[in-house]
Structure formats: C-alpha cells, structure tokens
Amino acid sequence: MTASIIDGKAFAATVREKVAVHVARLKADHDIQPGLAVVLVGEDPASQVYVRSKGKMTTEVGMNSYEHKLDVDTSEADLLALITQLNNDPAVHGILVQLPLPDHLNEDLVINSIDPAKDVDGFHISNVGLLATGQKSMVPCTPLGCLMMLRNHHGSLSGLNAVVIGRSNIVGKPMAALLLGDSCTVTIAHSRTKALPDVVKRADIVVAAVGRAEMVPGDWIKDGATVIDVGINRIDAPERGEGKTRLVGDVDFAAASQVAGAITPVPGGVGPMTIACLLANTVTACSRANGLVEPEGLTV
Ligand code: NAD
C-alpha cells in the first residue's frame, strides 16, 4: 500500500481562509477586530522566528497583531504586570507567551496568570481541566490541528484504536483527550512503555510526538493506519552538501508510507496547522468574548 499524503500546508491555508472570512464578518457586522498579543522574553533565535511568522500570519487574516518583546532579564513582576494589562485590554482577544521562558521565570505561574478566555495556547490549568472533562475550552493548537486533519480524512473517528506516542502537556496529553472526546480507544505510550512496537501495531491512528528523528520504523505501522507525525527534528544531510541539514519527523516517512493508509509529511504536515489553529483560537476567543456565534469548524 502507498499512503495518501495528508497535506497540512494546503489544509492550513483553508483554515486560515475560514478565519479570514470570519474576521471580515466580525468587522463588517459588529465593528470588531480580533487582536492577538504575543509576548516574547529574551532573544532565543527559534522563538524570534516563530513570533515573527505568527505576527505576519495574524495580520494576513485581517487581525491586529501586538508584539511585546521583553529583555531576557525581565522580572517576573514586570511580566505579570504586562499580562494583567493585556488581560484587561478589550482590543486583545488572545494572549500567547512564547515558551520556553528564561529559567528565572516560573512558567506555570506565568501561564496561569493569563485570562483563560484569552489563553489561545490552551495551556492554562482551567482550559486543561475543561478539555479533560469534555467541556468547551481553548484547545492547544498542535493537537487541535492534528484532530482537524484526522476528522477531515476519516469523518468519524468513533471506535478507532488510537496510539499517541509522547505524554507532554502541550501535545501528547491534550491529543489523547481530544481523541477520547471523539470516541477513539486511546493508548498513551511514552518512554517507559513496554513492547512499544506491538502497541503501535494495533493502532488505526498513530500520533507520534516524541522529538526523536525517525524513531518509528515502517514495520511498527499497521496496514492502512493513519499516521500523524508531530515531531520536528533537524538532522545532518551531507547529500545536500557539506554542513547542510534537513527536517524529519518522528516517523520513518519513506518506510511508513509503504504501509500506512495516510500520513503527514515533515515539513508540511502538522507544523503549518499549528499556526493556523492559533489564528482559529483567536477568532473563537473573540467571538465568545463578544457573545457571538463561534465560527464553524474552527474548534472542537
Ligand atoms: P517533550 O519532550 O515534552 O515530550 C516528549 C515525549 O516523548 C515524552 O512524553 C516522553 O515520554 C516521550 N518519549 C521520549 N522518548 C521516547 C521513546 N523512546 N519512546 C516513546 N516515547 C518517548 O516533547 P513535545 O513538546 O511533546 O514535542 C514532541 C515533538 O513534537 C518535538 O519534536 C517537537 O519539536 C514537536 N512539536 C511540533 C509541533 C508542531 O507544530 N509541529 C508543536 C509542538 C511540538
């Protein structure tokens, strides 16, 4: 079997288009412009790239983008004061604090100081609890993007065996909660899981979120399974020239695509969906804040 490719880049473009339509409607019908504030502490180069591209895509869909760049030695009190200011600002509907934060800042404290209604990353403990109990919440962007792709590919996920590899708070655990919400039979595998190949082999849906280059070989995958590869790993690519690198996922794409029914590539799979879902969450938050109907298909 040769897997069909789930094109996250193309799907993300359709999500952004839906967001743009809803943003235009909010402006035309209600004179409301959604706004997303992104807070970056320090000068981590990867974080700077993410923040820049988030800002660009935010304005491309017609929303206001507010960037707050703080010095690496910003005190916790100053950061919390900024978050309070953003919590109280009616022009700001979504707040994202770019992680990781410098060591002297308490990440949990900072995240939990964000108004849960504006917590477009879905990391606030209230949103974690709401998702875990199947209530309306802000859903973390990466798992939300994975779920959108799975629903789009399968229609109903009810009764399917899903294995999530990785139990992080930002991907693995919320992913498992979402799949459970869609009535999958869910297994969470992790670094201590025994007989991982056998566990994965039972899965109709595999979500790999580990951060280890190509650790899932093709022969772990059940015939016809759907594989969502969240991992982003940079490896040496001497075939491209000296010192060159390339990105790969947590799954051996070439081998798995001989067995799977469908698979996301890296790059071009989950990555683009994550930012699209951040925009989707912002427009959802804005609609909720104004007591308006939420855009369809942009949240769970
Ligand atoms: P993490 O380091 O917080 O968690 C990794 C998880 O993998 C842990 O729960 C650990 O138990 C598990 N694990 C480690 N070794 C294992 C093994 N040998 N077998 C089975 N499980 C093992 O990572 P994270 O933040 O969840 O991110 C995972 C990957 O996803 C990373 O590559 C990250 O860059 C990527 N990521 C991508 C996006 C995106 O937008 N595409 C977003 C977030 C994270």
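Please treat every number below as a calculation from the coordinates, not as lab data. From a predicted model like this one, the values you see are computed outputs, not experimental measurements. Here the Cβ is made from the backbone with ideal geometry for all residues, glycine too, and neighbour counts use every protein chain on show.
Which peptide among 70-80, 9-19, 247-257 comes first, and what is the full order, when sorted by highest mean count of other Cβ atoms within 10 Å?
Ranked from most to least packed, the peptides come out as 247-257, 9-19, 70-80.
Kindly give Rg over Rh for the chain, based on alpha-carbon atoms, with the Kirkwood expression for the hydrodynamic radius.
That ratio equals 0.97.
With each label point set 7 Å from Cα along the Cα-Cβ vector, what nm distance links residue 78 and residue 43?
In this crude label model, residue 78 to residue 43 measures out at 1.5 nm.
Tell me the Rg and the Dmax, in Å, that the Cα atoms of region 1-54 produce.
In Å, with Rg to one decimal and Dmax whole: 16.7, 52.
Could you tell me how far the Cα centroid of region 30-87 sits from the Cα centroid of region 197-243, in Å?
Using only Cα atoms to place each centre, the spacing works out to 32 Å.
Sort 265-276, 188-199 for me by packing, meaning the mean count of neighbouring Cβ atoms within 10 Å per residue, highest on top.
265-276, 188-199
How tilted is helix 270-289 with respect to the longest principal axis of the chain? Cα atoms for both, answer in degrees (0 to 90, nearest 10).
In the chain, helix 270-289 runs at an angle near 40 degrees to the longest axis.
Could you order the peptides 113-124, 286-297, 176-187 from most to least packed, using the average number of other C-beta atoms within 10 Å per residue?
113-124, 176-187, 286-297
Return the distance in nm (one decimal) between the two label points of a simple spin-label model at residue 183 and residue 202, each offset 7 Å from Cα along Cα→Cβ.
So the two model labels end up 2.1 nm from each other.
Along Cα→Cβ, 7 Å out, is where each label goes; now give me the distance between the ones at residue 239 and residue 108 in nm to one decimal.
Output for this residue pair reads 4.5 nm.
Distance check, please: which entries in 18/118; 9/118; 54/201; 9/222; 9/201 exceed 30 angstrom between their Cα atoms?
Distance filter (> 30 Å) returns 54/201.
Would you mind getting me the FRET efficiency between residue 194 and residue 133? Use the beta-carbon distance for r and R0 = 30 Å, nearest 0.05. Numbers along the way, then the final one.
Values: r = 30 Å, r/R0 = 0.99.
E between residue 194 and residue 133, to the nearest 0.05, is 0.50.
What shape does region 141-271 have by the C-alpha gyration tensor, where a ≥ b ≥ c are the square roots of the eigenvalues, rounded means a/c under 1.5, and otherwise prolate means a/b greater than b/c and oblate the rest?
Prolate.
Quick check: the distance between the Cα centres of region 146-165 and region 89-120, to the nearest angstrom?
Using only Cα atoms, the two centres lie 29 Å from each other.
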